[in-house]
Structures are given as structure tokens and as C-alpha cells.
Amino acid sequence: MNLLKGYQEAVQAVLASQRELNDRSRALAGSLGARLRETSQRLKDMGCFLPLPPPSNDELWAVDGAYAATRRLGDAVAIVAVAAASEKGAPLAAGEVHLIPHTPESEFLLRARMIMLELLAAVELVKTKGCSVFLDGSFGSGLVMVNQALRMSSRVDQSLWQIIESLVESWAEALELVAFEELPAVALPKLTSGYRIAPRIGLDLPMSDRALLSMLLPPGTWTSEARLYAALGVETEEKGRFRFEGPLDETLKRRLERVASALQNKVENAYVRLHEPASVALAVEYCYSAKEAVALLHGAMPSPRLQEPLLLVAADEAAKSLCSLLQHLPQGQELWQIPYRSYR
């Protein structure tokens with residue numbers, strides 16, 4: 001009996017604690033909701049939120065990449081694929097097959113090559129088709145990931161290092177077009193964005209920028225990070241110099257550091273909320289026109305409930321489908337003397 005009574009008392013104590021927690025959560029949610037509504041109205045009154053521009057009619061492509069590797073005969077066979085999709089016709093995709101050493105660094109270098117090929121594909125599309133391009137992932141994360149791979153140069157086999165060394169100069173040229181020539185490339189950061197805005201506008205909340213703007217932006221509006229800070233009188237510091245590592249030619253290294261540092265300070269962020277009340281804020285990065293970047297995203301979202309353009313989904317699926325061919329590649333070492341490309 002005493003044991004049963006003790007158990008019942010423990011259960012009641014847990015339930016009481018749970019009710020207390022629920023009450024506190026509701027009170028906090030109510031307080032947070034009131035703060036967010038107040039902040040939203042204040043920003044709206046200051047002219048921070050703009051109505052969405054009409055959807056863009058410009059020709060638009062989306063570029064995404066993928067990579068995969070599997071161990072064979074002591075080495076690894078890898079596929080790096082990049083695909084581009086437009087509203088007209090089937091996606092275009094190209095894949096490379098490499099035989100590389102099986103090391104912990106392999107994945108970093110394969111990912112870096114994919115990132116560089118994505119930007120090179122975007123530049124080629126703009127040059128040949130006169131279109132605008134969506135890229136999956138932010139410009140900043142691409143810089144960081146490539147630099148990670150460059151740092152590993154002293155620890156990897158020469159054949160593995162060549163995977164990215166052969167593209168570095170072309171990639172630098174592509175970055176310069178984005179940073180200095182206003183290439184119409186729009187990057188879409190992943191679902192988890194930064195946590196910069198809340199503390200800078202006086203909200204002590206552990207909320208990502210996209211989550212916060214999903215609550216502040218009224219449906220059918222957009223704003224930019226720069227616009228928010230300017231209205232609130234928030235000063236932002238210029239970011240420091242971006243430093244590249246690795247056995248690069250000093251001239252090329254300085255060139256990369258110059259363009260990467262410029263990108264860090266020139267790339268702007270905009271947040272878009274479509275007309276549907278249930279829609280969430282979408283983030284875009286650009287180095288040219290905020291309004292044009294927002295109009296491109298508006299035109300690429302056939303449903304307000306989507307969280308990324310369907311063109312990016314199509315490019316992603318096309319790239320991954322090429323990588324899925326990895327399981328069908330031959331086993332024999334003699335068949336892997338040189339890398340080859342496959343197009344579709």
C-alpha cells in the first residue's frame with residue numbers, strides 16, 4: 001500500500017509540474033506573440049515592409065549539384081554531378097566519374113568541386129542564354145567549404161588535390177562576375193539561416209532570421225536586412241578580410257581573397273513572404289538588384305506553401321539521379337585509368 005501511495009504521489013507531482021510548465025509556456029507564448037506583433041507594426045509604420053513586386057517574366061534557370069562515393073578495391077569511385085533546370089524542357093545534367101584515394105578528406109574535396117562546378121555552370125548559363133540563375137545554398141557557405149578543402153592540401157594525395165586545383169582559377173573568375181559585374185545569380189540559403197537579426201533589432205530571442213521574419217513580415221511583403229537596419233539606425237561592421245589557405249600561386253590567392261572579401265560585404269539578404277497566410281519567409285542573397293531578385297523568387301513559386309522553387313527541386317533530382325548510377329559502375333581497377341564525363 002505504501003509503495004502504491006508513493007507511486008500515486010509521484011505521478012501527481014509530475015502532472016502538477018507539467019501543468020505548471022504548460023501554463024508558463026502559454027504565458028511566454030502570449031508575451032512573445034505580443035512583442036512580435038508590436039515589433040511588426042513598428043517596422044511596418046517605418047516603411048520597412050514593401051509589397052511584393054509582380055512576378056518576373058525573365059528566363060530563369062536553377063542549378064544544383066550532388067556527389068556520391070563508394071569504396072572499390074581500396075580506393076573510392078566517386079561521381080560529381082551538376083544539373084540545371086528551366087521551365088521549358090527537361091533538365092540538363094553532367095556528371096564526372098573519378099577514382100580517388102579513400103581518405104577522410106575525400107568528401108570535403110568532392111563537395112568543394114561540386115560547389116565550384118555549380119557556380120561555373122551558372123556563369124555559363126548567363127553567358128549563353130542571357131538568363132537569371134538560382135543557386136542552392138548561400139554564397140558565404142560556398143566560400144567556407146571550398147576554403148576547408150584548400151586547407152587539406154598538405155594531407156591529401158596529389159591525385160585528390162587535383163580535383164579542386166584544376167578549377168580554382170575558373171572559380172575565381174566566376175566569383176568576380178558575381179561580386180563586381182552584377183551577374184544575375186540569386187542564392188537561396190538552406191532552411192536554417194543565420195541568427196543575426198533578432199539581437200540587432202532589440203529582440204533577445206533565440207530565433208533564426210527566417211523564423212523571425214516569418215512572424216514579422218505580413219503576407220505579400222518583403223524586406224531586406226539592410227532596409228531593417230537602416231530604418232532602426234543599426235550600424236553593421238564591415239566584415240574582415242577572407243583568407244584562403246593552400247598551395248596556391250600568390251597572385252591567385254590574393255585575387256581570391258580580394259573577391260571573397262568583397263562578396264562578404266556586398267552580398268545582401270532579402271526575405272520574402274508570399275500572399276498565403278500560412279506561408280513562411282524565404283531568403284535570397286544577391287549582389288545586384290534587390291527588387292529583381294525578389295521578383296524572380298515571386299515568379300518561381302507557383303504555390304505560396306512551397307519552401308523552395310520547383311526549378312531547384314528539379315535540378316536537385318537530376319543531379320542526384322546521375323549520382324545514383326554509382327552502383328552500376330564496373331568493379332575492375334583496369335577500367336578506371338582516367339576520369340570520364342557523362343552527359344544527359
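The values are calculated or read from the model by the stated rules, or taken from the named source; none is laboratory data. Because the structure is a prediction, the values reported are computed rather than measured. Virtual Cβ from ideal backbone geometry, glycine too; neighbours counted across all protein chains shown. Surface areas here come from the heavy atoms of the whole protein model, side chains and all, with no ligands, DNA or RNA. Shrake-Rupley method; radii C 1.70, N 1.55, O 1.52, S 1.80 Å.
The overall shape of the stretch 163-257 is prolate: from the C-alpha gyration tensor, with semi-axes ordered a ≥ b ≥ c, the ratio a/c is 1.5 or greater and a/b exceeds b/c. Taking other residues whose beta carbon is less than 14 angstrom from the beta carbon of Q148, and scoring Lys, Arg as +1 and Asp, Glu as -1, yields +2.
Solvent-accessible area of the stretch 84-164 (1.4 angstrom probe, protein heavy atoms only): carbon and sulfur portion equals 53 percent. Between R155 and T236, the modelled labels are 3.3 nm apart [label points 7 Å from Cα along Cα→Cβ].
Projected over every direction and averaged, the convex hull enclosing the alpha-carbon atoms of the stretch 260-307 yields 3.5 nm². For the listed residue pairs K253/K291; K44/K129; K44/K190; K44/K320; K239/K320, the alpha carbons are over 32 angstrom apart in K253/K291; K44/K129; K44/K320; K239/K320.
For the stretch 128-190, the solvent-accessible area works out to 40 Å² per residue, with a probe of 1.4 Å and every protein chain left in place.
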